[in-house]
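Q: Before I ask anything, let me first share the structure, which is written out below as structure tokens.
The values are calculated or read from the model by the stated rules, or taken from the named source; none is laboratory data. Please read all numbers here as calculations on a predicted model, not as lab measurements. Don't worry about glycine lacking a Cβ; one is built from the backbone with ideal geometry, like all the others, and counts go over all protein chains shown.
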Amino acid sequence: MNKRLNDKNPWYRLDLSAIVYPTLQRRNFSSVYRLSVILKERVESDLLQRAVDLTLPRFPTFKVAMRKGVFWRYLEPNHRPGPFVEPDIVNPCMPMFFQSSNRYLIRVYYYECRIALEVFHSLSDGGGAMYLLRTMTAVYLRLKGYEIPDGQGVLALTEEPDPEELEDAYMRYASSKVRPPRSREKTYRIRGTKEPFYTLNIITGILPVQQVLLVSKKYQVSVTEYLNAVLLYALLEKQKADRVFRELPVSIAMPVNLRRFFPSKTLRNFITMVYPCIDPRMGDYTFEDIVVQVHHFMRYYINDKFLNADITTNAAVTRNPFIRVVPLFFKDFVVRQFYKRVQDKQSSAGLTNLGIVETPAEMKNYVERFDVLMGQPFSARTNCAIVSYGEHLSISFASSIVEADVERLFFRKLVKDGIHVKIESNRKTEV
């Protein structure tokens, strides 16, 4: 844990994942994602602002500002006014500049029945930020006069933060004696027409959870495995339609929530990436072939042994005494070049599944569903984000290109498998 609890001005080192996000910051890109809750009543902005003001002090790792040192960036408590709730915008997840908005790295928006929380990724992953959104929503509902208890993802405002909520859990668990290599083969990249400056195209599909469960059971896989297979199938079909000179593997960058494998209450980042992949150069794949390969990939790689080795590779970099004393500007240059030239080229799309959102039973009377949006991709591709609540499973795609071929192929496959899909989008053209 990096916080000094007894200090009047505690500060936090960026966790192992958080280090890279400020480095990639640029005028038209920022590592911002969005979590939303859709209520059954219109949102009252004045009550929402009070809920934000009451809730945020309980989450000290979100009430921070980014600072730059000689060797590393760090987070310090932010006692400035804010963040202030705002009416929602058409293109969410806009770049988040560290000097603006009183230096806060979160935003809160509202529109009709929706409350949206946007977070700069250096603060937390989606699993940690969902605690903030659920607690803030519960406080808002209490201000409206509804009785909402603590628990089931809603934290008590009267309690001090558990020290584990503030820790860099990577450094506690990175202990493997094996460090797998980082380099992977170049993958297929979507070709598309870039949209004007910061236009984010969003397509959200709302699915009945029970239908998705039945189809996944038919293929004898989990929901995550099935949806990964559908996205890989869509990418393969898109590559065929492109009539490329030379086919390449299609790969998905998928974050894994490490809290499932290593006991930690951290509200900061605690994820690592796995890359389900299909190589069409080996032959033609039916959808059933893809499902089987994804299933076995997941079962082979997603376990505590492999995941520990993966985070140990990352931890070794920050533990290296030489790297510690390298000036920050040089670290930024190296990391940025590595990401642009190597890391970003190792996946054709991104997919994250936050899984089932739990809330107190009393909240279900007032909450319709939750949505998650990964935000703008670093390069011309699409990002897919999944979350389920109650009877609804929400799948949201975000891209900055005009074409929506992959999204169309993805949802058509779901419909072909017998799943009803309701589409919502901010696109002006037909999806």
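Q: Answer yes if at least one residue in the range 204-213 is surrounded by 11 or more Cβ atoms within 10 Å (Cβ to Cβ) and more than 20 Å from residue 423 (Cβ to Cβ), and no otherwise.
A: Looking through the range 204-213, at least one residue is surrounded by 11 or more Cβ atoms within 10 Å (Cβ to Cβ) and more than 20 Å from residue 423 (Cβ to Cβ).
Q: When the residues of the range 193-220 are narrowed to those that are under 23 Å from the mean Cα position of the chain (by Cα) and assigned to a loop (DSSP other than H, G, I, E, B), which ends up modelled with the highest pLDDT?
A: Ranking the candidates gives 200 first.
Q: Could you list, in sequence order, all residues of the range 104-125 that are of a type in the set (Phe, Trp, Tyr) and under 12 Å from the mean Cα position of the chain (by Cα)?
A: Correct list: 120 only.
Q: Would you please name the residue that is modelled with the lowest pLDDT, looking only at residues in the range 409-431 that are of a type outside the set (Asp, Glu) and within 22 Å of the chain's Cα centre (by Cα)?
A: Step by step, filter the range 409-431, then rank; the result is 427.
Q: Then there is this: Scan the range 87-108 residue by residue and report those that are of a type outside the set (A, V, I, L, M, F, W, C) and loosely packed, with under 14 Cβ neighbours inside 10 Å. Before you say what the answer is, go through the steps one by one.
A: Initially, the range 87-108 is screened for residues of a type outside the set (A, V, I, L, M, F, W, C), giving 87-88, 91-92, 95, 99-104, 107.
Those that are of a type outside the set (A, V, I, L, M, F, W, C) and loosely packed, with under 14 Cβ neighbours inside 10 Å: 87, 99, 100, 102.
Q: Are any residues in the range 42-57 within 20 Å of residue 124 (Cβ to Cβ) and either out of contact with any helix residue (DSSP H, G or I) (no Cβ under 7 Å at 6 or more places or on another chain) or at pLDDT below 95 (or both), and if so, which ones?
A: 53, 56, 57
Q: Also, I was wondering about something else. Quick one: would you say residue 188 is in the same structural domain as residue 28 (by TED's automatic domain parsing) and either in contact (Cβ under 8 Å) with a residue 60 or more places away in the chain or surrounded by fewer than 23 Cβ atoms within 10 Å (Cβ to Cβ) (or both)?
A: Spelling it out, it is not the case that residue 188 is in the same structural domain as residue 28 (by TED's automatic domain parsing) and either in contact (Cβ under 8 Å) with a residue 60 or more places away in the chain or surrounded by fewer than 23 Cβ atoms within 10 Å (Cβ to Cβ) (or both).
Q: For the range 410-431, indicate whether the set of residues that are crowded, with 21+ Cβ neighbours inside 10 Å and touching a Ser or Thr at 6+ places or on another chain (Cβ under 8 Å) is non-empty.
A: Within the range 410-431, none of the residues are crowded, with 21+ Cβ neighbours inside 10 Å and touching a Ser or Thr at 6+ places or on another chain (Cβ under 8 Å).
Q: Can you tell me which residues in the range 272-284 are surrounded by 19 or more Cβ atoms within 10 Å (Cβ to Cβ) and out of contact with any helix residue (DSSP H, G or I) (no Cβ under 6 Å at 6 or more places or on another chain)?
A: 277
Q: Now for a separate question. Name every residue in the range 297-338 that is among the hydroxyl-bearing types (Ser, Thr, Tyr) and at pLDDT below 80, in order of residue number.
A: Matches in the range 297-338: 318 only.
Q: Now for a different question. Which of the residues belonging to the range 119-128 are buried (at least 24 other Cβ atoms within 10 Å of the Cβ) and farther than 18 Å from residue 76 by Cα?
A: Of everything in the range 119-128, those that are buried (at least 24 other Cβ atoms within 10 Å of the Cβ) and farther than 18 Å from residue 76 by Cα turn out to be 125, 126.
Q: Exactly one of these conditions fails for residue 260: (1) surrounded by 17 or more Cβ atoms within 10 Å (Cβ to Cβ); (2) farther than 16 Å from residue 124 by Cβ. Give me its number.
A: (1)
Q: Right, next: Please determine whether any residue of the range 199-211 is over 30 Å from residue 89 (Cα atoms) and either assigned by TED's automatic domain parsing to the domain that holds residue 265 or free of Cβ contacts under 8 Å to residues at least 60 places away in the same chain (or both).
A: We begin by selecting, within the range 199-211, every residue over 30 Å from residue 89 (Cα atoms); these are 210-211.
Checking the rest, the ones that are also either assigned by TED's automatic domain parsing to the domain that holds residue 265 or free of Cβ contacts under 8 Å to residues at least 60 places away in the same chain (or both) come to 210-211.
Yes, the range 199-211 has at least one match.
Q: Of 80, 27, 42, 34, which residue is among the basic types (Lys, Arg), under 20 Å from residue 129 (Cβ atoms) and in contact (Cβ under 8 Å) with a residue 12 or more places away in the chain?
A: Working: 80 fails: under 20 Å from residue 129 (Cβ atoms); 27 fails: under 20 Å from residue 129 (Cβ atoms); 42 fails: under 20 Å from residue 129 (Cβ atoms).
Sole residue among the options that is among the basic types (Lys, Arg), under 20 Å from residue 129 (Cβ atoms) and in contact (Cβ under 8 Å) with a residue 12 or more places away in the chain: 34.
Q: Would you call residue 14 buried (at least 22 other Cβ atoms within 10 Å of the Cβ), at negative phi and in contact with a Gly (Cβ under 7 Å, 6 or more places away or on another chain)?
A: No, not satisfied.
Q: Against the definition (surrounded by fewer than 18 Cβ atoms within 10 Å (Cβ to Cβ), in contact (Cβ under 8 Å) with a residue 24 or more places away in the chain, in the same structural domain as residue 124 (by TED's automatic domain parsing) and over 27 Å from residue 319 (Cα atoms)), how does residue 48 come out, yes or no?
A: no
Q: Another question about this same structure. Would you mind finding the one in 310, 304 that is loosely packed, with under 15 Cβ neighbours inside 10 Å and among the acidic types (Asp, Glu)?
A: 304
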